[in-house]
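The values are calculated or read from the model by the stated rules, or taken from the named source; none is laboratory data. Every value quoted in this text rests on a predicted model; they were computed, and no experiment measured them. Note that we place each Cβ from the backbone using ideal geometry, even for glycine, and neighbour counts take in every protein chain shown. Heads up: the accessible areas ignore ligands, DNA and RNA and are worked out on the full protein's heavy atoms, side chains in. Shrake-Rupley method; radii C 1.70, N 1.55, O 1.52, S 1.80 Å.
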Amino acid sequence: MSHQITVRQLIHQLQTVDPDLPAYFAINPDWPYAHYIGRIIEVPGPNGAVYLAENGQEGVLPPQVRTELCWADV
């Protein structure tokens, strides 16, 4: 997967999952916690981007998620 993903690609990927499930960030294999998603900020213009802010952590990622991400078990 590319290091960059567009909003269109993100929306496309999210359309393939249950829309009623909670969504989290999985950020760091050395600290494998589920993180809440906070504010979403758009910076318009030719060099613009969309930023999804982290809003705290929930708990350790389930083993199945770590396996799917190829992250070693903690």
In sequence order, calculated HN-Hα J values of region 64-70 (Karplus, 6.51, -1.76, 1.60; Hz; x Gly/Pro): 4, 5, 4, 5, 4, 7, 6
Local electrostatic count, Y24, Cβ distance below 11 Å [Lys/Arg +1, Asp/Glu -1]: -2
By average C-beta atoms within 10 angstrom, highest first, the peptides 16-29, 59-72: 59-72, 16-29
Whole-percent carbon and sulfur share, accessible surface of the chain, 1.4 Å: 56 percent
Descending Cα extents along the principal axes, the chain, whole Å: 42, 26, 25
Relative contact order [Cα under 8 Å, 6+ residues apart], the chain, whole percent: 24 percent
For the chain, calculated [θ]222 nm from helices alone, where every DSSP H run of n ≥ 4 adds -39500 (n - 2.57): -4500 deg cm²/dmol
Solvent-accessible area per residue for the chain (1.4 angstrom probe, square angstrom): 87 Å²
Nearest-0.05 FRET efficiency for Q15 and C70, computed from C-beta distance (R0 30 Å): 0.80
